[in-house]
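Single-structure report; data block below.
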Amino acid sequence: MKVWDLPTRLYHWLQVALIIGLFVTGYQGVGVHVSLGLGLVTLLIWRVSWGVIGSDTSRFSYFVQSPKTVLRYFSEQNQEKPGHNPAGGWMVILMLAILLFQCLTGLVIAGLVEKIPFSDIWLTDRVVESLIGFHTSLAVLLLVVIGLHLMAILVYKLRSKPLLWAMVIGVQIRAEQVVLSFESNKRACVVLIASVLVTIAIVALS
C-alpha cells in the first residue's frame with residue numbers, strides 16, 4: 001500500500017545527495033560547503049514543517065512512539081503500521097536533531113550570525129573554535145547513525161521488507177492496512193518555497 005508521499009521521498013533523496021556533498025567538501029574550504037549547507041537548512045525547514053502539517057506518515061505525531069512502545073516492538077515484532085516503525089521513528093528524530101545542530105553550528109562558523117544582536121559579546125574566537133570542534137564531532141556521530149540506518153535497511157531487506165525501495169516508489173509491503181491521509185503536492189510546494197525564503201532571509205540578514 002502507499003505509505004510515502006512524493007514530498008517525503010524527494011526530501012529523503014535530496015538529503016542523501018546533500019549529505020554526501022557536505023562530507024566530500026567538508027575539508028575543501030567554505031565556498032561550496034556553505035552553499036550545500038544552506039541547501040540542507042532549506043530542506044530541514046521543509047521537513048520539520050511537513051512533519052507538522054504534512055501527510056499522515058510524515059507527521060511526527062504519527063510515527064514518534066513512547067519508549068515503552070519501542071521496547072514492545074523489539075520484543076513482540078507485531079505487524080507494523082504503515083510508515084516508520086517505532087524504532088525507525090526515533091532514528092528519524094535523532095538524525096534530524098544532529099543535522100539541525102550541524103546547520104546551526106555551521107551558520108555560526110560561516111559567519112552568518114554575526115549581525116545578531118549582542119553577537120559581539122558572546123561570539124568570541126574561543127566560542128567559534130569550540131563550535132568547530134563540535135561541528136566535526138557531530139559529523140562523526142552522523143556517520144555512525146547513517147551506518148546504523150544502513151544496517152537496519154539491510155536487516156529488513158533480509159526479512160523481505162525492502163525499506164529502500166519503498167522510499168523510491170512510496171509503496172510498502174507487509175504493512176497493516178489502514179486508511180491514510182495524504183496532503184497535496186501543491187501544499188508541499190508552498191511550504192518548500194517558504195523554506196527557501198527563510199534561508200534567503202538568513203543569508204540576506206547576515
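Taking helices (runs of 4 or more DSSP H) as the structural unit, those lying wholly within the range 9-86 and holding at least 1 residues that are within 20 Å of Leu142 (Cα to Cα) and either open to solvent by less than 30 Å² (accessible area, probe 1.4 Å) or of a type in the set (Val, Ile, Thr) (or both) correspond to 31-53. Residue count for the range 142-162, restricted to those that are open to solvent by less than 80 Å² (accessible area, probe 1.4 Å), of a type in the set (A, V, I, L, M, F, W, C) and in contact (Cβ under 8 Å) with a residue 24 or more places away in the chain: 4.
Residue pairs whose Cβ atoms lie under 9 Å apart, sitting 6 or more positions apart in sequence or on different chains, and linking a residue in the range 118-141 that is farther than 19 Å from Leu96 by Cα and open to solvent by less than 60 Å² (accessible area, probe 1.4 Å) to a partner that is acidic (Asp, Glu) and assigned to a loop (DSSP other than H, G, I, E, B), are Leu123/Glu114.
What are the pairs with Cβ atoms under 6 angstrom where one residue, in the range 1-14, is at pLDDT 95 or above and the other, located anywhere, is surrounded by fewer than 16 Cβ atoms within 10 Å (Cβ to Cβ)? Sequence gap at least six, or different chains. Partner pairs satisfying both residue conditions: Leu6/Asn185.
Glu176 - would you say it is open to solvent by 40 Å² or more (accessible area, probe 1.4 Å), of a type in the set (Asp, Glu) and at pLDDT 90 or above? Criteria not met by Glu176. Which residue, of Ala139, Ala152, Ala194, is under 19 Å from Arg47 (Cβ atoms) and of a type outside the set (Val, Ile, Thr)? Just a single option satisfies the conditions, and that option is Ala194. Could you say whether any residue in the range 94-114 is open to solvent by 50 Å² or more (accessible area, probe 1.4 Å), within 30 Å of Val179 (Cα to Cα), at pLDDT below 90 and not in a helix (DSSP H, G or I)? Looking for residues that are open to solvent by 50 Å² or more (accessible area, probe 1.4 Å), within 30 Å of Val179 (Cα to Cα), at pLDDT below 90 and not in a helix (DSSP H, G or I), one finds none in the range 94-114, hence no. One residue alone among Gly83, Gly88, Gly111 is under 16 Å from the mean Cα position of the chain (by Cα) and on the phi > 0 side of the Ramachandran plot, and that residue is Gly83.
The values are calculated or read from the model by the stated rules, or taken from the named source; none is laboratory data. Nothing here was measured: the structure is a model prediction, and the numbers come from that model. Cβ: placed from backbone, ideal geometry, glycine included. Neighbour counts: every protein chain shown. Just so you know, the surface numbers come from the protein's heavy atoms only, side chains and all, with ligands and any DNA or RNA stripped out. Shrake-Rupley method; radii C 1.70, N 1.55, O 1.52, S 1.80 Å.
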